[in-house]
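This report concerns only the one structure given below.
The values are calculated or read from the model by the stated rules, or taken from the named source; none is laboratory data. None of the values given here were measured: they were computed from a predicted structure. Because the Cβ atoms are built from the backbone with ideal geometry, glycine has one as well, and the counts that use them run over all protein chains shown. With ligands, DNA and RNA removed, areas are computed over all heavy atoms of the protein, side chains included. Shrake-Rupley method; radii C 1.70, N 1.55, O 1.52, S 1.80 Å.
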Number of protein chains: 2
Amino acid sequence: MPNPVIERFPENPILTPADVPPSRPGMVVEMVLNPGAFRFQGRTGLLLRVAERPEVDDNHVSALMYDPSSEGGLRVMTVRKDAPGLKHGDPRGFEYKGRYYLTTMSHLRLAWSDDTTHFTVEPHPAMQAANDHEAYGIEDCRVEYVDTKYWLAYALSSENGVGVGMASTDDWKTYERHGIIFSPHNKDAAFFPEKIGGYYWAFHRPSGIGLGGNNIWLARSPDMLHWGAHRRLVAARPGRWDGERIGAGAAPIKTPRGWLSIYHGADATGRYCLGALLLDLNDPARVLARSETPLLEPEAGCERRGFYGNCVFTNGHVLDGDTVTLYYGASDSVVCGARASINALLASL
Amino acid sequence: MPNPVIERFPENPILTPADVPPSRPGMVVEMVLNPGAFRFQGRTGLLLRVAERPEVDDNHVSALMYDPSSEGGLRVMTVRKDAPGLKHGDPRGFEYKGRYYLTTMSHLRLAWSDDTTHFTVEPHPAMQAANDHEAYGIEDCRVEYVDTKYWLAYALSSENGVGVGMASTDDWKTYERHGIIFSPHNKDAAFFPEKIGGYYWAFHRPSGIGLGGNNIWLARSPDMLHWGAHRRLVAARPGRWDGERIGAGAAPIKTPRGWLSIYHGADATGRYCLGALLLDLNDPARVLARSETPLLEPEAGCERRGFYGNCVFTNGHVLDGDTVTLYYGASDSVVCGARASINALLASL
């Protein structure tokens, strides 16, 4: 495939649902996608989004949700397809008695590699829904090491809406939750790796109602836990590859020319591509450059066909000198990898 | 009117558009509504929302917006009603060439009273749109004195969405802006008057897309400027007077039984009423009581008919012993007042 800047792994996809053991009996792993990525003790870690559904026959639809009163904290709901009050058809969710349910529920699962390409998936979830605001699951986690530990920003959803939850860890065994840092409707949050001008910084993606669209915003914090000075950083460009909705990928990469940020953009047909932004090193609200054309487009088979076809989406990468190894979800179904030279990415801008 | 707890001013409405000088020639004051309220140097101050529109004939629609390149920072846009690409009819806004415009633009205006009932409106805006995020105006400001100054939380809107901006003042002549504290879609933010457990606290009202609704949330801050630990506090109660959307009024009132908060609720027909919440003094996330029936309903003529009829909405009050003097917008058109005994409000819960 013709792409001079970002080179896909020949092994793609590197993880599929068949590589992921279900979290418990009776569950089917439907998708594995959108991993956060990090280095820990010499290995590369992925924090995968694993989407499961309860196993049901063709005559039923089902949903899974957090319920502290059920065994294991999870409740399975099954509805006959001919039940009154059921509206179904969209593979992502259904409406039953006036309430909306998701067909799959996502948790976060670790996978480890010694070579950045071949990963072994842990048998149990690292983090899963654990409170009412996470009742429909947690997903698309960005991971960044800032100061003394890894900070995790993930999208959470429940009947209270979709927002960004935060957790931290220093051992990848125990996780401390810090609550919701960006209230609904919000997702695609990613932290800068270091302070700028005395503050921590993050990208996030609030969504407007009527006014506002789906754009990348910037916020700052004195302590990583409380955020303010929100402002829109860049907007979707109607009519173009990133015309409908955009969102940040993982943490921006510090380069001599500025903060290099890889982001996703969807066009009016819902096709997701990746591009890049360059931000001023000392003033990240200042945009220096932006990809005119996508750096990665859905071209390979698994990028074009799946649960949500024509989609490449990244929220994790690791760095090694001039090389960024990028992990991305393809068609909301499997995990792929790619490599790029940071200098070549900069030269493309 | 039969209402044992909240007693309306016999003088209502206390302010109408006729009492408010336009901010500049060529403007018509369309509505005066939803004031923040406070005490300053022995007087009662209201920070009114004043909605203006450019004066046009019946063959045109018009919009007003912030534009730093125009004289006075405001741009008037006029479109013939038969222009191609215009969709109009809703009094609140119109669509032109794929973009949505508001017919009125709001600014914040001071009014002063020596007796809490008779107010004199200042001739010029106290605060008006001053940056891109405020391009379509600022409105519905809550005012609270915390520590050493007055903190102002107002809704701002632009093509970037509707969010909550913050400013502060100690003299009601100069205002310092602190940026956006709650990103879109958000409004109805109000600060607690003092720290609880080492943090400042605020109500806010994020809105979900698909999931989430329009409910009252709680957030905390170490410094009033950066906010986190967001959580849903109370939800709309489908089928009831507050079944569709709810939002906090002004700051909660500290009482021996808990934090007393007056809030608005709209039902499925869009009728806005006022009710109350009681929250634990030491843990404001703990709801102790909530009004089963409204404490104030649109009953008077000006509360039933206007720009948006059947609406009472409060975001300002002042306290004097056991008396809370409540200011509220009626039908999004005029300002009214009412008084209640705090003990009677508590007894109603």
Worksheet item: Which of A:Asn160, A:Ser62, A:Phe307 sits closest to the plus end of the dipole of chain A, meaning its Cα is farthest towards the positive end, when Lys and Arg get +1 and Asp and Glu get -1 on the C-beta?
Response: A:Asn160
Worksheet item: When the Debye formula is applied to the Cα atoms of chain B, each taken as the same point scatterer, what base-10 log of I(q)/I(0) results at q = 0.07, 0.09 Å⁻¹?
Response: -0.27, -0.46
Discussion item. Let's test this: bin the Cα-Cα distances of the stretch B:257-330 at 10 Å from zero up to the farthest pair and state each bin's percent.
Written reply: 19, 44, 29, 8, 0
Fill in: Other copies of B:Gly89: label-to-label distances in nm, shortest first, labels 7 Å along the beta-carbon direction
2.5
Practice prompt. Evaluate peptide B:226-237: per residue, the Cβ atoms of other protein chains within 10 Å of its Cβ; return the mean as an integer.
Written response: 6
Response to the item:
Largest-first ranking of A:Trp241, B:Trp259 by accessible area, probe 1.4 Å, whole protein assembly kept, is A:Trp241, B:Trp259
Item to complete: Could you check how much of the accessible area of chain A is carbon and sulfur, as a whole percent, using a 1.4 Å probe?
Response: 47
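Scale the Cα Rg of the stretch A:1-96 by the rule-of-thumb value 2.2 N^0.38 Å and send over the ratio, two decimals. The partial results should precede the final answer.
On the way: Rg = 18.1 Å, N = 96, 2.2 N^0.38 = 12.5 Å.
So the Cα radius of gyration is 1.45 times the expected 2.2 N^0.38 Å.
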Practice prompt. Run through the other copies and list how far each one's label point is from that of B:Val28, in nm with one decimal, shortest first; the point sits 7 Å from Cα along Cα-Cβ.
Written response: 6.2
Worksheet item: Under a Cβ-Cβ cut-off of 15 Å, what is the net charge of the residues other than A:Pro91 that fall near it, where Lys and Arg count +1 and Asp and Glu count -1?
Response: -1
Response to the item:
Ordering A:262-272, B:84-94, B:243-253 by per-residue average of other C-beta atoms within 10 angstrom, highest first, gives B:243-253, A:262-272, B:84-94
Discussion item. Please list, in order along the stretch A:146-163, the HN-Hα scalar couplings obtained from phi with the Karplus expression 6.51 cos²θ - 1.76 cosθ + 1.60 (θ = phi - 60°), rounded to whole Hz, x for Gly and Pro.
Written reply: 10, 6, 10, 7, 8, 10, 10, 10, 10, 7, 10, 9, 6, 5, 7, x, 10, x
Item to complete: Would you mind working out the accessible area per residue for chain A, using a 1.4 Å probe, and quoting it in Å²?
Response: 38
Response to the item:
Toy charge model, Lys and Arg Cβ at +1, Asp and Glu Cβ at -1: the stretch A:21-348 dipole around Cα centroid in debye, rounded to 20, equals 680
Worksheet, complete the sentence: Along principal axes, largest first, the alpha-carbon spread of the stretch B:180-301 in whole Å comes out as 42, 36, 25
Practice prompt. Please list the non-local residues whose amide H lies under 5 Å from the amide H of B:Ala126, H modeled 1.01 Å from N, same-chain partners needing a gap of 5 or more.
Written response: B:Leu108, B:Arg109, B:Leu110
Worksheet item: How large is Rg/Rh for the protein assembly as shown, to two decimals, with Cα atoms and a Kirkwood Rh?
Response: 0.98
Discussion item. Suppose we compare each residue of the stretch B:158-181 in its chain alone and in the full protein complex with a 1.4 Å probe; which ones drop by at least 50 Å² of accessible area?
Written reply: B:Asn160, B:Ile180
Worksheet item: What total accessible surface area, summed over both chains, is buried at the interface between chains B and A, computed with a 1.4 Å probe and given in Å² to the nearest 100?
Response: 2900
Discussion item. Defining the label point at 7 Å along Cα→Cβ, can you sort the distances from B:Val287 to the same site in each other copy, shortest first, in nm?
Written reply: 4.0
Worksheet item: Once you sort the root eigenvalues of the Cα gyration tensor of the stretch B:156-198 as a ≥ b ≥ c, which label holds: rounded (a/c under 1.5), prolate (a/b larger than b/c) or oblate (the other case)?
Response: oblate
Worksheet entry | Nearest-to-axis residue of chain B, judged by beta-carbon position, where the axis maps B onto A, in Å | B:His226, 2
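Any idea what the alpha-carbon Rg over 2.2 N^0.38 Å comes to for the stretch B:83-185?
This ratio for the stretch B:83-185 stands at 1.27.
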Worksheet item: What is the set of long-range amide H partners of B:Tyr200 at a cut-off below 5 Å, with H atoms built 1.01 Å from backbone N?
Response: B:Ser221, B:Asp223, B:Met224
